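The values are calculated or read from the model by the stated rules, or taken from the named source; none is laboratory data. Not measured: the values here are computed from a predicted model. All Cβ positions, even for glycine, are placed from backbone atoms using ideal geometry, and neighbour counts span all protein chains on display. When the accessible area is computed, the model is the full protein with side chains, heavy atoms only, and any ligands, DNA or RNA have been set aside. Shrake-Rupley method; radii C 1.70, N 1.55, O 1.52, S 1.80 Å.
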Amino acid sequence: MHQHITFTNLTMNKNKQKLNIEYPLATKSHSLVWEQISTIHGLERWLADHVEKVDDDVIALTWGEQWTDHHTLEARIVDQQKNSHIRLQWVNEDDPEAFWEMRIGRSELTDELCLYVADYALPEDIDDLHDLWDGNMERLHRVSGL
């Protein structure tokens, strides 16, 4: 299994904390990673069971099957730069400064290509959020080899 090193930095943002995680990737190609983090098809492979475009800058992510038990959330794409990063904010987010972001970059320590994840949660939910992203990254590696 792909082994990863996780560095976590917590900073306060109103009532929520920001979680920053670094995941080393098994590729040198920014474009391969970009395909997985910025397209409907890519996100459906590892982040949610179903992803669809709702509007020019809004996507709906569904976990579970739509004809049975499922949970759907909509996210607005607030910033993106090809082969670099995508930043989204949940449409129903109460905190205007809370977002989630996936950024492609190089580790200063190892020079490996990494996926940097930033996300926000209440202090009591930070550990669960970290576990959620670890699981997401395990799926990304399993389906794409990254």
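When nucleic acids and ligands are ignored and a 1.4 Å probe is applied, Asp95 ends up with an accessible area of around 10 Å². For the chain, carbon and sulfur atoms together expose 46% of the accessible surface, with a 1.4 angstrom probe and every protein chain in place. Ordering Lys18, Lys28 by accessible surface, largest first, gives Lys28, Lys18; the 1.4 Å probe counts only protein heavy atoms, with every chain in place. Taking all protein chains as shown and a probe of 1.4 angstrom, Arg87 keeps an accessible surface of around 70 Å².
Each residue, Val91 and Arg139, gets one label point 7 Å from its Cα in the Cβ direction; the gap between the two is 2.0 nm. With the Cα gyration tensor of region 79-127 giving a ≥ b ≥ c as the square roots of its eigenvalues, does the rule (a/c under 1.5 for rounded; else a/b larger than b/c for prolate; else oblate) give rounded, prolate or oblate? Judged from the Cα gyration tensor, region 79-127 comes out oblate (a/c at least 1.5, b/c at or above a/b). Neighbours of Asp56, meaning other residues whose beta-carbon lies under 15 angstrom from its beta-carbon, give a summed charge of -3 when Lys and Arg score +1 and Asp and Glu score -1.
With a ≥ b ≥ c taken as the square roots of the eigenvalues of the C-alpha gyration tensor of region 36-143, please select rounded if a/c is under 1.5 and otherwise prolate if a/b is larger than b/c or oblate if it is not? It comes out rounded by the Cα gyration axes.
Rounded if a/c is under 1.5, else prolate if a/b is larger than b/c, else oblate: which is region 31-71, with a ≥ b ≥ c the root eigenvalues of its Cα gyration tensor? Oblate, since a/c reaches 1.5 and b/c is not below a/b.
Between the amide H of Phe99 and those of Tyr120, distances stay under 5 Å, these residues lying 5 or more places away or on another chain, with hydrogens modeled in the peptide plane. Here is how the number arises for the chain: DSSP H runs of 4 or more residues each give -39500 (n - 2.57), the sum is divided by the residue count, and the result at 222 nm is -7500 deg cm²/dmol.
Tally Lys/Arg at +1 and Asp/Glu at -1 over every other residue whose Cβ is under 9 Å from the Cβ of Trp100; what's the total? The answer is -1.
Compute the label zone of Asp79 within region 119-146: residues whose backbone N is under 20 Å from the point 7 Å along Cα-to-Cβ. Of the residues in region 119-146, 119-121 have backbone N under 20 Å from the label point off Asp79. Label sites at His41 and Asp57, each approximated as a point 7 angstrom past Cα along Cα to Cβ, lie 2.6 nm apart.
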